[in-house]
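Report on one structure; see the data block that follows.
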Amino acid sequence: MAETSSTVAGWLSFAVTTVGLGSLITQASAINEKMDPFHANRSAEYLGIWFQRQTAFPWWKIGKPPPQGPIIVAKLDEGFCGTNVIHASRVPLTAPGMAGWTVLLAILHPEAPSPPHSSTISLAESAEKASTATTTTEISPASAKSTNWHFLVQRPLVRHRSSACIQISRTSLITLMILTNARPVFQYSDAAGFRAGYGSYSGQWYITWPIGQDAFVSFAAHDSHKASTDVYPLSFVQRVDRCVQMLAGVVSGSGLQVAFCGRKPPGRWVLEYAAKGFPGAHGSRHLYNMMGGKVYEVDFLFARNYEREAKYAPPEDNSFPVITLPSTEKGRDVFMTIPTKEEEIIKHTLDCLPWTSLSWSIHRGMRDILVAYAKPVMDKHRQALAQIPKDTIKTKPHKLDARGWNPQFVRENMGDMAASAILAGSGNSGDLVRVVTDIVLVSVGIDEMAALDECHWWRENTDELTPAGVVALTKLFVLEWSNEFDYQMYHDLPISLYFG
C-alpha cells in the first residue's frame with residue numbers, strides 16, 4: 001500500500017511539474033515581451049545592417065535598453081543628414097531590414113555606390129562646388145562606411161505597436177518623399193483620421209494617423225525590380241535643395257529668385273511681378289519657411305483676376321500672350337495674360353530650371369505656367385529634339401556603357417524609348433526621364449552641374465536648336481513628365497511622426 005501511494009505521489013509530482021513547465025513555455029513569449037518590449041525587433045531580419053551597430057550588453061542582464069537607430073533630418077538648408085548631394089537608387093543596394101527607415105537608407109547614399117561611373121561623380125562634385133574633376137573610367141568602390149550611413153548619430157528607437165521606430169518631423173518626411181519622386185495614390189481624411197498612400201520611383205509610402213493616436217509612416221521597396229538584373233545605372237544624383245525649391249515653386253539663378261502662384265479657379269487672370277513679394281503670398285510660402293528657405297529673398301508672380309478687379313485688366317488692344325491653364329475645377333480653364341515684364345521673367349526662369357536625372361515632385365502652378373508658355377516652342381522643335389537620342393546612340397553608345405547602362409539595352413532600346421518619350425509630350429515614368437537626360441548629357445558633352453542649371457537659350461529668342469537649346473528643352477521635357485505634389489500636405493500631419 002505504501003509502495004502504491006509513493007508511486008501515485010511520484011506521478012502526481014511529475015504531472016504537476018510537466019503542467020508547470022508547459023505553462024512557462026507557453027508564456028515565454030509573453031514574458032519576453034514584458035521583460036523586453038523590443039524582443040521581436042532586435043533581429044538582423046528586422047534591423048538589417050543596423051543590427052551590427054547595436055551596443056553589446058551582458059547576456060545575464062534582465063533589463064535591456066532599447067535598440068538604437070539613426071537620427072534623420074532632411075531640409076532645404078540642412079540637406080539629408082547634412083549632405084545636399086545624394087546618390088539615389090531604384091532598389092535597396094544593401095540588405096535592408098523590415099523597418100521602413102532601414103529600406104530608405106539602403107536606397108539613399110552619400111556616395112556613388114560601386115561601381116560608380118565618372119560622369120555621376122563629376123556631377124556630384126560640381127554640385128558641391130568642388131574642384132574640377134578629371135574624367136576617368138576607372139572603377140573604384142565607394143566607402144562602405146559612407147555608403148551605409150555608418151557615421152550617423154544614433155538614439156534609442158521608440159516602440160509603436162509592433163514596430164521599432166525613429167521619429168522624424170513632417171518637413172523631413174516631405175523632403176524624403178520628394179527625393180524619391182513621390183506622387184499621391186490615395187488620401188482619406190475623415191472622422192476616423194488620416195490615411196494616405198504615395199507611389200514613388202524607389203518605393204511605396206504609407207501614412208496613417210488614426211484619430212486620437214500617433215501618426216505612423218512606413219516605406220516599402222518595390223517588388224518589381226532587382227539590382228542584379230537592372231539595365232539602368234546603379235544610382236543617380238539628387239540634390240535636396242533643388243527638390244525642395246521645385247516643390248515650393250521657386251527657381252533661382254544669376255539675378256533671379258522667383259516663386260510662382262498656385263493653380264487658380266476658372267476665369268481670366270493676369271500675371272503680376274512683385275519684387276520680394278513671396279513673403280506676402282499665400283500657398284507654398286509657409287512650407288518654404290519651414291524647410292529653412294529665405295522667403296524674404298524671393299520675388300513672386302501673383303495672379304490677378306481682372307474679372308473681379310477691373311484695375312488689373314490689361315489694355316484692350318494689347319498683344320500680350322494669353323495661355324490656357326487647367327483650373328481648380330475639372331473641365332474648366334484659366335486664361336492667363338502674360339505682360340512683357342512677366343514674360344521676360346518666365347524666359348529667365350526657363351533658362352534657370354535646375355538639371356535633374358529624375359522627374360520632379362513639383363509645384364503644379366509653376367509647372368502649369370511654364371509648360372503652357374513654352375509648349376509652342378517645344379512643339380516646333382520636338383521632332384528635332386526626339387532625333388537627337390537616336391543619333392547619339394548610333395555614334396556614342398560606348399559613352400553610355402561607361403555611365404553604367406547595359407550595353408545591349410543601349411543599342412537596342414534606349415534611342416527609340418527616348419524619342420517616344422519626347423514625342424509623347426507628357427507622362428509619369430521616372431525611368432524614361434533617366435533615359436532621356438543621360439543621353440542628352442552624352443550628346444551635348446556637358447558634365448558640370450552649374451553649366452546645366454543655367455543657359456541663355458530662351459532669353460536669346462533664337463530659332464536654332466543649339467546645344468544650349470537642347471539642354472533647355474530637355475529641362476522642359478522633365479517638367480512635362482513631372483508629378484504634381486501637394487505643397488500644403490503638412491496641414492494634414494502632426495509636427496512629429498513615427499517612422500517604422
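The values are calculated or read from the model by the stated rules, or taken from the named source; none is laboratory data. Everything numeric in this text was worked out from a predicted model, so none of it was measured. We place every Cβ from the backbone using ideal geometry, glycine too, and count neighbours over all the protein chains shown. With ligands, DNA and RNA removed, areas are computed over all heavy atoms of the protein, side chains included. Shrake-Rupley method; radii C 1.70, N 1.55, O 1.52, S 1.80 Å.
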Using only the Cα atoms, what convex hull volume per residue in Å³ does segment 371-486 have?
-> 114 Å³
Rank by packing, highest mean first: peptides 357-367, 202-212, 284-294, with packing defined as the count of other Cβ atoms within 10 Å averaged across residues.
-> 357-367, 284-294, 202-212
To the nearest Å², the heavy-atom accessible area per residue of the chain with 1.4 Å probe amounts to 46 Å²
Of all DSSP beta bridges in segment 233-382, antiparallel share, percent nearest 5 | 70 percent
Rounded D (µm²/s) - segment 201-352, Kirkwood Rh over Cα pairs, Stokes-Einstein at 4 °C, 1.567 mPa s = 69 µm²/s
Relative to the present Cα-Cα distance, how much length would full extension add between Lys380 and Arg459 at 0.36 nm per residue of separation?
-> 26.7 nm
Positive-end residue of Pro321, Phe302, Pro266, charge dipole of segment 214-342 with Cβ unit charges = Phe302
Output the antiparallel fraction of DSSP beta bridges having both residues in the chain, as a percent to the nearest 5.
-> 85 percent
Apply the Karplus parameterisation 6.51 cos²θ - 1.76 cosθ + 1.60, with θ equal to phi minus 60°, to every residue of segment 280-297 and state each ³J(HN,Hα) to the nearest whole Hz, in sequence, with x for glycine and proline.
-> x, 9, 9, x, 8, 4, 5, 4, 4, 4, 4, 7, x, x, 9, 4, 5, 8
Scattering from the C-alpha atoms of segment 351-424 alone, worked out with Debye: what is log10 I(q)/I(0) at q = 0.11 1/Å?
-> -0.38
When Lys and Arg each count +1 and Asp and Glu each count -1, what net charge do the other residues less than 13 Å away from Ser429, Cβ to Cβ, add up to?
-> +1
Is any helix in the chain, taking whole DSSP H runs, at least 30 angstrom long along its axis by alpha carbon and on average at least -1.0 on the Kyte-Doolittle scale, and which ones?
-> 2-26, 364-395
Considering the zone a paramagnetic label at Glu448 would reach in this model (a point 7 Å from Cα along the Cα-to-Cβ line), which residues of segment 46-89 have amide N under 20 Å from it?
-> 85
Relative contact order for the chain, counting Cα pairs under 8 Å that sit 6 or more residues apart, in percent = 17 percent
Protein chains only, probe 1.4 Å: how do Lys390, Lys380, Lys347, Lys399 rank by accessible area, largest first?
-> Lys380, Lys399, Lys390, Lys347
Would you kindly find the accessible area of Glu464, with a 1.4 Å probe and non-protein molecules such as ligands, DNA and RNA excluded, rounding to the nearest 10 Å²?
-> 120 Å²
Rounded to the nearest 10 Å², what accessible area does Glu307 show when all protein chains are kept and the probe is 1.4 Å?
-> 110 Å²
Counting all Cα-Cα pairs in the chain, those more than 28 Å apart amount in percent to 59 percent
When the helices in the chain are scored as -39500 (n - 2.57) per DSSP H run of 4 or longer and the sum is shared across all residues, what 222 nm value do you end up with, to the nearest 500 deg cm²/dmol?
-> -10500 deg cm²/dmol
Per residue and in cubic angstrom, what volume does the convex hull of the Cα atoms of segment 184-256 have?
-> 151 Å³
Could you sort out which of Lys347/Lys394; Lys396/Lys475; Lys264/Lys294; Lys276/Lys311; Lys311/Lys380 sit more than 29 Å apart by Cα distance in this structure?
-> Lys347/Lys394; Lys311/Lys380
Segment 54-110 and segment 454-470 have their Cα centres apart by a whole-number Å value of 43 Å
For segment 458-500, would you read off the P(r) tail past 15 Å as a percentage of all alpha carbon pairs?
-> 65 percent
Net charge near Lys276: determine it from the other residues with C-beta under 9 Å of the C-beta of Lys276, scoring Lys and Arg +1 and Asp and Glu -1.
-> -2
Using DSSP to define loop residues, name the trypsin sites (Lys or Arg not before Pro) in segment 249-282 whose beta-carbon has at most 13 other beta-carbon atoms within 10 Å.
-> Lys276
Accessible area of segment 342-388 belonging to carbon and sulfur atoms, whole % at 1.4 Å probe = 53 percent
